Amino acid sequence: MTGPILTRREGGILEVTIDRPKANAIDLKTSRVMGEIFAGFRDDDSLRVAIITGAGEKFFCPGWDLKAAAAGDAVDGDYGIGGFGGLQELRDLNKPVIAAVNGICCGGGLEIALSTDLILAAEHATFALPEIRSGTVADAASIKLPKRIPYHIAMDMLLTGRWLDVVEANRWGFVNEILPADKLMARAWELARLLESGPPLVYAAIKEVVRAAEGETFQTTMNKITRRQFKTVDILYSSEDQLEGAKAFAEKRDPVWKGR
């Protein structure tokens, strides 16, 4: 695909690149395109893992395109399926998504990264929530970030808009790995291939359970698991893959996952 969003597919892996010079900012049209891409990824059984990154060497994504806003894009406009950037409100996305942060990651760009499952970052990557300086709220980050890192650090970022370098981001736990810039995408693809080889039905169950647990008590979620009230758990427990995992262990061989 050409235009603001580039895609590359290899086997069960989909790479999505934000390519909107100069900064990879996202306007309403681009957000809608991203939503269609990630919804397609969600619904395509042959795709197992996605990677999202930014074009160039300076920006991952700074979030909302303020120039587009000044030209008439409404901040509460139609972002398309999945909400801003196609990820943060996309329902039933039960497949792993990796963010490969190749530079500045702030505002809505950081919110997109927080919507993924694993975050790899280049050594020069930086992170911030500067919305406070433009008189608006980092809505998704206000919900997600205090659940991911210590409360006082999250509030520091939200209330002051200060920048974190990649070492501090890693220290607080919202970056999994720090890599040289020229090794970032190779590592993202290495990790994606590892996940591609894994059990997709188990990944789906993990993601649904984790989402539910954010708003429920431990026992409520456990009861739903044991009673097979999660669709993904019910499918997993009745699947060929569940039996294959046990057989492979008993036979001391690698399992062959079929996703059914």
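The values are calculated or read from the model by the stated rules, or taken from the named source; none is laboratory data. These numbers come from a predicted model, not from an experiment. Glycine gets a Cβ as well: all are built from the backbone with ideal geometry, and neighbour counts include every protein chain shown. With ligands, DNA and RNA removed, areas are computed over all heavy atoms of the protein, side chains included. Shrake-Rupley method; radii C 1.70, N 1.55, O 1.52, S 1.80 Å.
At-a-glance table
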{"read-out": "Selection from region 104-132 of residues that are outside any strand (DSSP E or B) and either surrounded by fewer than 23 Cβ atoms within 10 Å (Cβ to Cβ) or charged (D, E, K, R) (or both)", "value": "Glu111, Leu114, Thr116, Asp117, Glu123, His124, Pro130, Glu131, Ile132"}
{"read-out": "Meets criteria (open to solvent by 50 Å² or more (accessible area, probe 1.4 Å), free of Cβ contacts under 8 Å to residues at least 12 places away in the same chain and either of a type in the set (Ser, Thr, Tyr) or under 27 Å from Lys183 (Cα atoms) (or both)) for Arg8", "value": "yes"}
{"read-out": "Selection within region 151-167 - open to solvent by less than 50 Å² (accessible area, probe 1.4 Å) and of a type in the set (D, E, K, R)", "value": "Asp156"}
{"read-out": "Condition met for Leu184 (assigned by the TED database to the domain that holds Ile18, touching a strand residue (DSSP E or B) at 6+ places or on another chain (Cβ under 8 Å), open to solvent by less than 20 Å² (accessible area, probe 1.4 Å) and not in a helix (DSSP H, G or I))", "value": "no"}
{"read-out": "Test: residue in region 132-146 that is of a type in the set (Lys, Arg), under 15 Å from the mean Cα position of the chain (by Cα) and either under 26 Å from Asp27 (Cβ atoms) or in the same structural domain as Lys224 (by the TED database) (or both)", "value": "yes"}
{"read-out": "Subset of region 245-260 (residues that are more than 18 Å from Ile206 (Cα to Cα) and either charged (D, E, K, R) or surrounded by 10 or more Cβ atoms within 10 Å (Cβ to Cβ) (or both))", "value": "Ala246, Lys247, Ala248, Phe249, Glu251, Lys252, Arg253, Asp254, Pro255, Val256"}
{"read-out": "Subset of region 231-244 [free of Cβ contacts under 8 Å to residues at least 40 places away in the same chain, among the acidic types (Asp, Glu) and surrounded by 15 or more Cβ atoms within 10 Å (Cβ to Cβ)]", "value": "Glu244"}
{"read-out": "Filter pass, Val75 being open to solvent by 10 Å² or more (accessible area, probe 1.4 Å) and among the hydrophobic types (A, V, I, L, M, F, W, C)", "value": "yes"}
{"read-out": "Odd one out for Leu191 among (1) more than 17 Å from Glu10 (Cβ to Cβ); (2) buried (at least 17 other Cβ atoms within 10 Å of the Cβ); (3) not hydroxyl-bearing (Ser, Thr, Tyr)", "value": "(1)"}
{"read-out": "Residue count for region 194-230, restricted to those that are part of a loop (DSSP other than H, G, I, E, B), over 19 Å from Ser46 (Cβ atoms) and open to solvent by less than 60 Å² (accessible area, probe 1.4 Å)", "value": "2"}
{"read-out": "Every residue from region 16-29 that is open to solvent by less than 30 Å² (accessible area, probe 1.4 Å) and either within 19 Å of Ala192 (Cβ to Cβ) or without any contact (Cβ under 8 Å) to a residue 40 or more places away in the chain (or both)", "value": "Val16, Thr17, Ile18"}
{"read-out": "Count of residues meeting criterion [within 26 Å of Val256 (Cα to Cα) and under 22 Å from the mean Cα position of the chain (by Cα)] in region 184-238", "value": "29"}
{"read-out": "Of all residues making up region 56-72, the number that are open to solvent by less than 40 Å² (accessible area, probe 1.4 Å) and either over 27 Å from Ala122 (Cα atoms) or among the polar types (S, T, N, Q) (or both)", "value": "2"}
{"read-out": "Residue among Lys58, Lys95, Lys67 that is over 15 Å from the mean Cα position of the chain (by Cα), closer than 26 Å to Trp172 by Cα and among the basic types (Lys, Arg)", "value": "Lys58"}
{"read-out": "Residue match in region 41-56 (condition: part of a loop (DSSP other than H, G, I, E, B), under 19 Å from Met185 (Cα atoms) and modelled with pLDDT under 95)", "value": "yes"}
{"read-out": "Residues satisfying the stated conditions in region 133-143, i.e. closer than 18 Å to Ile112 by Cα and open to solvent by 40 Å² or more (accessible area, probe 1.4 Å)", "value": "Thr136, Val137, Asp139, Ser142, Ile143"}
